[in-house]
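Engineer: Next up is a structure, given as structure tokens.
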Amino acid sequence: LMNIIALMPATEAYEVLLRNWGGDDKAYCCVWEEDVNHKIITFIPPNIPNKPSYYYCSGCATFNGMERFHADLRNGILTYHTLDNTTTYWVTLGTDYDWSTLGGYNKDTCFHVYGTEHKAELNEAPYEECEKIRDS
């Protein structure tokens, strides 16, 4: 996929909340954050096995099971962090044959994620919506 540029988080980082909006379980969806140079800046915990993609990829229909790879999944909301809170970032959803990128963010964000083999939909949602569901 892409090179991972770091494994240690900064003390402060942007929070990216993802709410699965359904999709095809036979399709593979990956979500990550990258900087203006297309380098992945998603914090990946150091205890992830040899394949970091386990941390940010799953079947498109649900995020269920991602917690076994140490992903922060609470009440259906997947929480990622960037490496710092100073780098402008873009969020990308990639499926088997499509991708969607939204960005230029310098804030905490929330997205509805929908994917099938040939379709990747990433829609920004109010951060408070995802935060309320996750923390309930």
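The values are calculated or read from the model by the stated rules, or taken from the named source; none is laboratory data. Not measured: the values here are computed from a predicted model. Here the Cβ positions follow ideal geometry from the backbone for every residue, glycine too, while neighbour counts run over all protein chains shown.
Engineer: For the list (1) of a type in the set (D, E, K, R); (2) over 18 Å from Y14 (Cα atoms); (3) surrounded by fewer than 16 Cβ atoms within 10 Å (Cβ to Cβ), I need the number of the one condition that K132 fails.
Structural biologist: Just one mismatch for K132, condition (2).
Engineer: Within the range 33-44, take every residue that is in a strand (DSSP E or B) and modelled with pLDDT of 95 or more and give me the one that is surrounded by the fewest Cβ atoms within 10 Å (Cβ to Cβ).
Structural biologist: Among those residues, the one meeting the criterion is E34.
Engineer: Moving to a separate point now. Select from the range 13-32 the residues that are assigned to a loop (DSSP other than H, G, I, E, B) and among the hydrophobic types (A, V, I, L, M, F, W, C) and write down the one among them that is modelled with the highest pLDDT.
Structural biologist: A13
Engineer: Return the pairs, sorted by first residue and then second, in which the second residue is at pLDDT below 95, the first residue lies in the range 95-111 and is under 21 Å from I77 (Cα atoms), the beta carbons are less than 6 Å apart, and the residues are 6+ apart or on different chains.
Structural biologist: T95/A27; T95/C29
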